[in-house]
Amino acid sequence: MKFPYIKTPANDAKRPWVSRPIIPVMLIGPKGTVIVDALIDSGADISMFHKDIGKEIGIDFAQGERETFSGVEGGKMVCYMRDIHLQVVGLNEKIKISAGFSDVSGIFAILGQEGFFDRYKIKFEKDHNAIEVISVKKK
């Protein structure tokens, strides 16, 4: 399935907008579902979401395993790792992934290598302002 790149505000006054590979996904937890726009990030080791999203789908963080991750700038962040189900909006397949939930303000919804890239072939077509997401069989 193809998705257009989404224009979002940039942090640079010289370049007010930037196109990013953002797709809609449905997160399924023990007590609900929510659809969010998530950035496909080939540089992220894991998928990460803000804790508020986790609370909305019923994640109990008291039972989650805590892990510390480093970002691009070397800053440390604590994530609570939990298994969730995820579905790319427009595709039928639901997958189970281990995701990190954090209350860091710069994290909203990021789809990373482990789990997501294992289950989908991702084609970044920046020259056409499109991302293609194709289900692959898990080995």
Got a sec to turn the phi values of region 10-17 into Karplus ³J(HN,Hα) couplings, 6.51 cos²θ - 1.76 cosθ + 1.60 with θ = phi - 60°, whole Hz, x for Gly and Pro?
9, 8, 10, 4, 6, 9, x, 10
Residue among Gly100, Gly54, Gly32 with the largest mean-square fluctuation in a Gaussian network model of the chain, springs linking Cα atoms under 10 Å:
Gly32
Given the convex hull over the Cα atoms of region 20-139, what projected area results after averaging over all orientations, in nm²?
7.7
For the pairs Lys94/Lys123; Lys2/Lys31; Lys2/Lys137; Lys31/Lys51; Lys31/Lys137; Lys7/Lys123, note any where the Cα-Cα span goes beyond 26 Å.
Lys2/Lys31; Lys31/Lys137
Which far-off residues, 5 or more places away or on another chain, put their amide H under 5 Å from the one on Asp103, with H placed in the peptide plane?
Lys51
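Suppose every K and R has +1 on its Cβ and every D and E has -1 on its Cβ; what is the size of the dipole of the chain about the Cα centre, in Debye to the nearest 20?
In debye, rounded to 20, the chain gives about 360.
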Quick one: which residues, 5+ away or cross-chain, put their amide H under 5 Å from the amide H of Ala44? H built at 1.01 Å from N.
Gln113
With the dipole of the chain defined by +1 on each Lys or Arg Cβ and -1 on each Asp or Glu Cβ, the option from His85, Val133, Asn11 whose Cα lies farthest towards the positive pole is Val133
Output wanted: per-residue J couplings in Hz (rounded whole) for region 78-90, from phi through Karplus 6.51 cos²θ - 1.76 cosθ + 1.60, θ = phi - 60°, x for Gly and Pro.
8, 10, 9, 7, 9, 7, 9, 9, 9, 9, 6, 4, x
If you plug each phi of region 34-41 into the Karplus form 6.51 cos²θ - 1.76 cosθ + 1.60 with θ = phi - 60°, what whole-Hz ³J(HN,Hα) values come out, in order, with x for Gly and Pro?
8, 9, 10, 8, 10, 7, 7, 10
Potential extension, Ala130-Glu65 segment - 0.36 nm per residue separation minus Cα distance:
19.8 nm
5 Å binning of all Cα-Cα separations within region 3-57, expressed as whole percents from 0 upward:
4, 16, 20, 20, 19, 12, 5, 2, 1
Taking amide H positions as placed in the peptide plane 1.01 Å from N, state which residues far from Ala38 in sequence (5 or more) or on other chains have amide H under 5 Å from it.
Ile23, Val25
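Since every read-out is calculated from the coordinates, none of them should be taken as a lab result. Small disclaimer: the values here were computed from a predicted structure and weren't measured. Virtual Cβ from ideal backbone geometry, glycine too; neighbours counted across all protein chains shown.
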